Amino acid sequence: MQARRIVSLFLAVLLVTGLAGCAKPSVENGTDPPTSAVVEEDASIVHTTEDWPTYYDPGVGSDYSDSTTMVNVYDALVFPMPDGSIRPHVAKEWTVSDDYLTYTFTVRDDVKFHSGNLMKASDVAYSMNRMLEIGEGYAYLYKGVVEKCYATDDTHVVFELSQPFGPFIHSLIRMLIVEEDLVKQHYDLTDNTYGEKGDYGKKWLLTNDAGSGPYKTKEFKLDEYFLGERFEDYFLGWEEGAPKYFKISGMVEPVAVRTAMANRELEITDEIQPLENYMAMDAFEGVDLVTFRSGNTFNMMLNTKAKYTDDIHLRKAIAYCFDYETLRTSIYPGAGESRGPVATVLPGFDPTVQAYSRDINKAKEHLAQSKYAGEKITLNLTWCAEVPEQEKIALLLQSNLAELNIDLIITKKPFGSMIADAQTVETTPQISFVNFAAPYFEAGGMLKTRYHSSSCGTWEQMEWLQDPELDAMIEDALSTVDDEARFAKYAEIQHYIYNLCPTIWGFNWVERRAVQSYLRWNAIDAMNQNADYFMPMGYALWAHDMKIVK
């Protein structure tokens, strides 16, 4: 099993016992899950929704709800900006050695953890080393890259790399800092997974935090919601109107979301609602529809090690028979054309990569060249229960494949179950529907996460490519410091993956969210100014900079 799996034995038990309620927790009657923690009646709150479950331990989580929760509870050395640049955050400044193998960061001396203790450089080093040793979540960004991480004093931390890593600074938005002493106090020593470190604090960090971010944990019901309360001693301070509470829940069922918006119990919806639900909510008085381009893409992942989809011609037959135009005009109107493995908004995207388009004759030609030509072919597809629009896409694909006399068996599963299925080749279906956003704002992050062998066994790569030549190409590109040269290598990789056709790239998202008009949010300002708003996964919903105006 891959080291970066998200579901440990302990979490797997939780999934088995509680996952059935995770997709639509306590909301079948169209009401928000009750919050048992005391929240003042007139307190300002930003409540958003996302698919579930959520693991906000920085050494474990990596999906959309994980990332959104983590960036509101924890801090990184650097912070991403909508224009793709990086600004200092917990780190005031940094220096890089001439060989690009040593990075030294100066850590601010005024950052407090939620415990009240001041952050030290040793906390940064501990956080990186803990992430690497656990090997889950975003650790794959640094494994094989960060050789050593250590503090030289209370305000300086050093990262020694085994090889140059061009986008290293960009990637550090995913290295979130935990308080070393607090986590150590909560090691479960009855679990010897990590030797003398016990469980490394993983059980405690399922529902508690050791962060310094703008919100501290008020309550976390693992199968329902996270509720954070404003951390008054946050090092960046607070502006008037900033929400006192931040809440993210697994309430994504369309009727429940619509009802909560009508009742003003929800400030921002998730991005996975059916189009008709957005249109209905946009008609509500005091509710606006916000749209912006994002780095999110829709992927039909093809298991290249499973029977039938292990054949490149069969994969290309699927790619050419699918009706992309209907997908982008009827199911997701306004969505952008997807051109290969990299989102079109990312630096390093190669515009010369062509998009697959529907051509039934080409599809039949490839099917005839397949080693399975003449066989009765049946494929299995899984779509995510929390994203109802995916059922429409599955039915569209089923209809398209019928033209090739290929049967498609469609299964609906909660995302947590899809995560579990992705851990082995045998349990991964031939086709899986997954929305994916780059871990940081550069093509290399998407290429490494989606197609390097190190991500096999996770939901991020259900293709199981395991291609040594591709791995070497990705590693070489990432080790290239010069941007122009690195982007040229990214372009070659994109064409290489395109020709393998391990994925049906459906579309680039134009993200939609219904928002209460009393909320001030950077995405709204960008839309009103007809400006782009590109933020890495989770950071778009950084509640610190939001305002409630009633």
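Please treat every number below as a calculation from the coordinates, not as lab data. Since we're looking at a predicted model, the values are computed, not measured. Every residue, glycine as well, gets a Cβ built from its backbone with ideal geometry; the counts of neighbours run over all protein chains shown.
Each other residue within a Cβ distance under 12 Å of Val158 adds +1 if Lys or Arg and -1 if Asp or Glu, for a net charge of -2. The label-point distance for Lys550 and Glu93, in a model that sets each label 7 Å from Cα toward Cβ, rounds to 4.5 nm. Sorted largest first, the principal axis extents computed over the alpha-carbon atoms of region 95-228 equal 47, 33, 27 Å.
The protection proxy used here, the mean number of other Cβ atoms lying within 10 Å of each residue, ranks peptides 260-267, 328-335 as follows, highest first: 260-267, 328-335.
Residue separation of Gln369 and Tyr518 scaled by 0.36 nm, minus their Cα-Cα distance, works out to 47.8 nm of gained length.
Each of Ser162 and Glu475 was given a label point 7 Å from its Cα along the Cα-to-Cβ line. The distance between the two points is 0.8 nm. Seen from all directions on average, region 331-409 presents a Cα convex hull projection of 7.1 nm². As an exercise, take the mean of 1/r over every pair of distinct alpha carbons in region 156-242, invert it, and state the Kirkwood radius in angstroms. Averaging 1/r across every pair of different Cα atoms and inverting gives 15.9 Å.
Computed on the Cα trace of region 294-509, the radius of gyration divided by the Kirkwood hydrodynamic radius gives Rg/Rh = 0.94. From least to most packed, judged by other beta carbons within 10 angstrom and beginning with the fewest, Lys364, Lys413 follow the order Lys364, Lys413. Here the Debye sum runs over all C-alpha atoms of region 87-174 as equal scatterers in vacuum, and log10 of I(q)/I(0) at q = 0.17, 0.18 Å⁻¹ comes out as -0.70, -0.79. Give the calculated FRET efficiency between Glu265 and Asn530 to the nearest 0.05, with a Förster radius of 25 Å applied to their Cβ-Cβ distance. It comes to 0.20.
From most to least packed by mean Cβ count within 10 Å, the peptides 193-202, 162-171 give 162-171, 193-202.
On the basis of the beta-carbon distance and an R0 of 35 Å, Thr193 and Asp110 show a calculated FRET efficiency of 0.50.
Peptide packing for 76-86, 397-407 was compared via the average number of neighbouring C-beta atoms within 10 Å per residue; ordered from the highest value, the list is 76-86, 397-407.
In sequence order, region 49-65 has phi-based couplings of 10, 7, 5, 10, x, 10, 10, 9, 5, x, x, 10, x, 7, 8, 5, 5 Hz under the Karplus curve 6.51 cos²θ - 1.76 cosθ + 1.60, θ = phi - 60°, and Gly or Pro positions carry x.
Considering only alpha-carbon pairs that sit under 8 angstrom and 6 or more positions apart, the relative contact order computed for the chain is 22 percent. Summed over qualifying helices (DSSP H, 4 residues or more, each -39500 (n - 2.57)) and divided by its residue number, the chain shows a 222 nm mean residue ellipticity of -8000 deg cm²/dmol. Shown is the FRET efficiency for Asp282 and Tyr100, computed with R0 = 51 Å from the Cβ-Cβ distance and rounded to the nearest 0.05: 0.55.
Which of rounded, prolate or oblate describes region 440-545 when judged by the alpha-carbon gyration tensor and an a/c cut-off of 1.5? Here region 440-545 falls in the prolate category. Ordering Phe322, Leu346, Gly334 by Cα displacement along the dipole of region 294-509 toward the positive end leaves Phe322 in first place; charges were set at the Cβ atoms of Lys, Arg (+1) and Asp, Glu (-1). Remark: region 377-388, residue by residue, has Karplus-estimated 3J(HN,Hα) of 9, 10, 10, 10, 10, 10, 10, 7, 4, 7, 10, x Hz, where x stands for each Gly or Pro and the curve is 6.51 cos²θ - 1.76 cosθ + 1.60 at θ = phi - 60°. Considering amide H positions built from the backbone, and no H for Pro or chain starts, which residues 5 or more places from Lys247, or on another chain, come under 5 Å of its amide H? Amide H neighbours of Lys247: Val46, His47, Thr48, Gly228.
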